[in-house]
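As C-alpha cells, the structure follows; a few thoughts come after it.
The values are calculated or read from the model by the stated rules, or taken from the named source; none is laboratory data. Nothing here was measured: the structure is a model prediction, and the numbers come from that model. Please note: Cβ atoms are built from the backbone with ideal geometry, for glycine as well, and neighbour counts cover all protein chains shown.
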Amino acid sequence: MSADRFRRILTGFYLVVFFGYLFLPLAVMAAATFNTSRFPTVTPWLGFTLSWFSALWADQRMWSALGTSLIVGAGVIALAVPLGLAAALLLDRLHSRSKTFLYAVMVSPLLTPGVIVGISTLVFWREWFGVTGGIFLTVVAQSSYIAAYAMLLFSARLQRFDTALEEAALDLGATHGQVFRRITLPYLTPAILSAALLAFLQSFENYNTTLFVRGLDTTLTVYIASKVRTGLTPAVNALSLILIGLTILGAVAYEILRRREARRQAGSASLAA
Amino acid sequence: MTEVLRRYGPVLTGVILLAVALWLALLVVLPQLMMVDFSFRPSLPPSRLGGPEDVYTLRNYTTLWTNQIHLAIFLKTIWASALVTAVTLAVCYPVAFYLAQVAPRRRLPLLLLMLVVPFWINELLRTFAWYIILAFNGPLNALLLGLGIIDQPQRFLGGDAGVILGMVYVYILFMVFPLYNAIESLDRNQIEAARDLGAGWLRIHWRVVLPHAKPGIAVGCIMTFMLAAGSYAVPALLGGPQSRWFTEVIYNWFFEGGNWNQGAAYAFILLVLCIGFILAALRLFRVGLADIAK
C-alpha cells in the first residue's frame, strides 16, 4: 500500500515538472516583455515597462511582414482547402488498392522535412515555368502539405457521413450539382471551417518551407527569426506574447467547438441506437 | 472509379479529378522528381546548359564524402536527431501512460487542453523562449549561479547541447499525442489481469503496455526524428557557426554558395535518411503503414 502511495506521489511530482517544463519557458518569455532591459531577459529585473509594445507598434517592417503573412495565409486557405476537399471526396468513394496508394502519395508531404518541400518547389517552378521565389511560390509550397492536413480533416468527417441521404436525393430526381450543394457541402461546413483555421495557422507559423521559397518577401515568422539573430529587443517578446495570446484563444475556442461537436455526435448516435 | 462517377456525376467528378491531379502532380510528385533529377546534374552557367558538359553525374553526391566538415555535420545531425527522439520518448511515456490509463476522467479534458495549447504555438516562438532562457545573462545561468552549481556563467547558446535541448522542447508534443492515442486504446482490464496474475510494475509495462503502444511509438519516433533532422529554426536560433545542422549546410548551398544542384543533392540525401528511418522504425516495431494510418 505504501509503495502504491509512493508511486502516486512520484507520478504527481513528474506531472508538475512536465507541465512546468512546457509552460515555464513561455512564461519567462512573456515576462521579459515587461522588463526595461534592452536585451530580453528576466535576470536582472530592471523595472516594469509597457514601452516595448509601443516600440513594436511603431515598427513598419513588422507591419509589412504581417501583411505578407495574411496574404499568404489567405492564399493557402483558397488553394489548400479545396484541394484537400477534392482529395477526401475522391478517397471516400474509392476502395481497394488504388485508395491505399493514393492515400500514401497524399500524406507523403507530411512525412517530408519542410526544407525539402521548399527546395523541390523552388527548383521545379524555376526550371519548368521560370517562376522565382515570392508570395506565389510560398502559397504553392505551403499548400502542397497543408492540403494533406485538410484532406485528413475532411476524410474523418466523411467517414461518419450517411450516404443514404445522397442516394435518396438522387432517387428523388435531384441533379448531382444539387446534391453536392444542398447535402454534401452543408454537412461538411464545420470541417471546412476547421480546415481553413488549421490551414491559416499552419501557414502563419511556417518557417522551414517558407525560408526557401519566399524570395525577397518576408512573412512574420521569418521576420521574427531575423530579429532574434540581428537586432533583438523585447519588442520581439511583445509580438510573441500577442501571437501566443491569440493562439491560445484560438486553440481553446477550437477545442470547445470540437468537443461540443463530438458530444452532439455521441448524442445523436445514442438516440439512433 | 465508376462509383465516383455515379455518386458525383460527370461535371463534379471532372473537377475533383482535375484538382487532385493538379495537387499531386504539380505540388507533390513532379517537384520531388525534378529535385532528384537536378541533383544529378552539374551546376552550369545558362550558356552551357544543354552543352557537352550537361550530363548526369554523381559529383554532387561524392562532395559529401570528400568534404570532411559536411560529413561530420551530416553524421552529427543523425545521432543528435536520434538522441532527441530517444529523450522525448523517455520523457513522454510516463505522461502518456498517466493520461491514458491512470488520470481521473474529470481531470482529463483540462490536462489534454494543457497539452494541446502549447502544441498550437508557433515552433519558432517556442524556440525563441529557449533562446532567452539559455542566454549568457539569462535565467538559467542566474539560477545555476544562485544555487552554487556553477561559479561562472556558461555559454549555452551556440553549441550542440543548446540545440538538442531546444529540439526536445519543441518536438516533444509530436511524441506525446501518438503515444497517448495508442495507450488509450489499451483495455484497462488487461493491466488488471496482469497484476492479478502477479506481474510486477515493470513487467506490466514491458509485456503489456509497450507492445500495445508500438504503433504509437513508431509514429511518435518517425515524426520527432523527421522534424529534428529537418529542423532549421532551432539550430538557426540556438546554435552557432560551431554547431551547424545539415539543413543549414543545404541552405548555404542555395543562398550563399549559389550551387542549387549541390544543394538539391544534399536535400535528397536528407530525404533518403528520413525515409530510411521510417522504414527502420516500421520494421523495428513490426508495424505496417496501415497501422499508422489509424
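Key figures
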| item | result |
| --- | --- |
| Residue ID - farthest from A:LEU239 (Cα to Cα), chosen from residues in segment A:40-58 that are surrounded by 20 or more Cβ atoms within 10 Å (Cβ to Cβ) and more than 10 Å from chain B (Cβ to nearest Cβ) | A:TRP52 |
| Residue check for A:ALA148: surrounded by 22 or more Cβ atoms within 10 Å (Cβ to Cβ) and either under 25 Å from A:LEU193 (Cα atoms) or more than 11 Å from chain B (Cβ to nearest Cβ) (or both) | yes |
| Enumeration of residues in segment A:1-26 that are facing chain B (nearest Cβ under 9 Å) and either of a type in the set (S, T, N, Q) or under 25 Å from the mean Cα position of the chain (by Cα) (or both) | A:THR11, A:PHE18, A:PHE19, A:TYR21, A:LEU22, A:PHE23, A:LEU24, A:PRO25, A:LEU26 |
| Test: A:LEU216 is touching a residue at least 12 places away in the same chain (Cβ under 8 Å), in a helix (DSSP H, G or I) and either surrounded by fewer than 21 Cβ atoms within 10 Å (Cβ to Cβ) or not assigned by TED's automatic domain parsing to the domain that holds A:GLY133 (or both) | no |
| Within segment B:245-283, considering residues that are away from every other protein chain (no Cβ under 11 Å) and in contact with a Lys or Arg (Cβ under 9 Å, 6 or more places away or on another chain), the one surrounded by the fewest Cβ atoms within 10 Å (Cβ to Cβ) | B:ASN252 |
| Count of residues meeting criterion [assigned to a helix (DSSP H, G or I) and either touching a Phe, Trp or Tyr at 6+ places or on another chain (Cβ under 9 Å) or within 8 Å of chain B (Cβ to nearest Cβ) (or both)] in segment A:85-97 | 8 |
| Any hit, segment A:48-66, residues being under 30 Å from A:LEU201 (Cα atoms), part of a helix (DSSP H, G or I) and basic (Lys, Arg) | yes |
| Some residue of segment B:181-189 being within 30 Å of A:ILE116 (Cα to Cα) and either of a type outside the set (Lys, Arg) or under 26 Å from the mean Cα position of the chain (by Cα) (or both) | yes |
| Failed item in (1) part of a loop (DSSP other than H, G, I, E, B); (2) facing chain B (nearest Cβ under 8 Å), with A:GLY133 passing the rest | (2) |
| Members of segment A:1-47 that are more than 20 Å from B:PRO153 (Cα to Cα) and in a loop (DSSP other than H, G, I, E, B) | A:MET1, A:THR33, A:PHE34, A:THR36, A:GLY47 |
| Within segment A:141-176, considering residues that are of a type in the set (Val, Ile, Thr) and more than 17 Å from the chain's Cα centre (by Cα), the one farthest from A:ILE119 (Cα to Cα) | A:THR175 |
| Candidates A:THR189, A:THR209, A:THR221, filtered to the one that is crowded, with 20+ Cβ neighbours inside 10 Å, in a helix (DSSP H, G or I) and more than 9 Å from every other protein chain (Cβ to nearest Cβ) | A:THR209 |
